[in-house]
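Worksheet: one structure, shown below.
The values are calculated or read from the model by the stated rules, or taken from the named source; none is laboratory data. Predicted model only: the values in this text are computed from it and were never measured. Every residue, glycine among them, receives a Cβ derived from its backbone with ideal geometry; neighbour counts consider all protein chains shown. In case anyone asks, the SASA skips ligands and DNA or RNA and just uses the protein heavy atoms, side chains included. Shrake-Rupley method; radii C 1.70, N 1.55, O 1.52, S 1.80 Å.
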Amino acid sequence: EMLRSLVGSEMCIRDRGVYQMKKQNAGLIALSIVFILMGGFSTIYNLSKYVSNRVFMSSAEKTTGYVKWIDHELKTWGHNKRASNKAETYYITVAFDVGGKEYTREIFTGTYYVSQNEKVNVYYNTDKNGEPDKVVTDIDNDKRPYLTWPLILLLGIVLLVLTKKNIISVGRKR
């Protein structure tokens, strides 16, 4: 009965804290949606690439190649040359033989776990001229999985749920 007797201005005073909290939480909701989109798309992309390579490898021709060359590049940026401002990329060249002719496959990776002259399985299809058309190596699919994107996706989902249930908020409750 008390709620029915409140006039407009008193209701605005009563509901002001709830409105301000929802307005302030809009930023948290937007952030969680960004995390969900970034993490979700990247996770789906990486997973689909892994699965499509595995499917291709099961039906392709197979030969054995070797790691011909390994090089790396270290990039730093910003005024502070801290460890967090560095990215290392490895360029791995795999050589393989198809029909008596040598071909190479360039692989770019952020991890380094092969050595020069190491044997590598190479899976390929040939075009109408007998040239390798699509080439996938064990190195392509044995890249260590990144947990970063699934964790960002999970963080976005948890942040959204906690914000929607008013368990966390940016503003102060009155």
message = For the stretch 36-61: of the residues being more than 16 Å from the chain's Cα centre (by Cα) and of a type in the set (S, T, N, Q), which is least open to solvent (accessible area, probe 1.4 Å)?
response = ASN53
message = Just to confirm my filter: which strands (runs of 3 or more DSSP E) fall fully inside the stretch 70-174 and include at least 3 residues that are at pLDDT below 80 and open to solvent by 90 Å² or more (accessible area, probe 1.4 Å)?
response = none
query = Restricting attention to the stretch 35-50, does a residue exist that is touching a strand residue (DSSP E or B) at 6+ places or on another chain (Cβ under 7 Å) and touching a residue at least 24 places away in the same chain (Cβ under 8 Å)?
reply = no
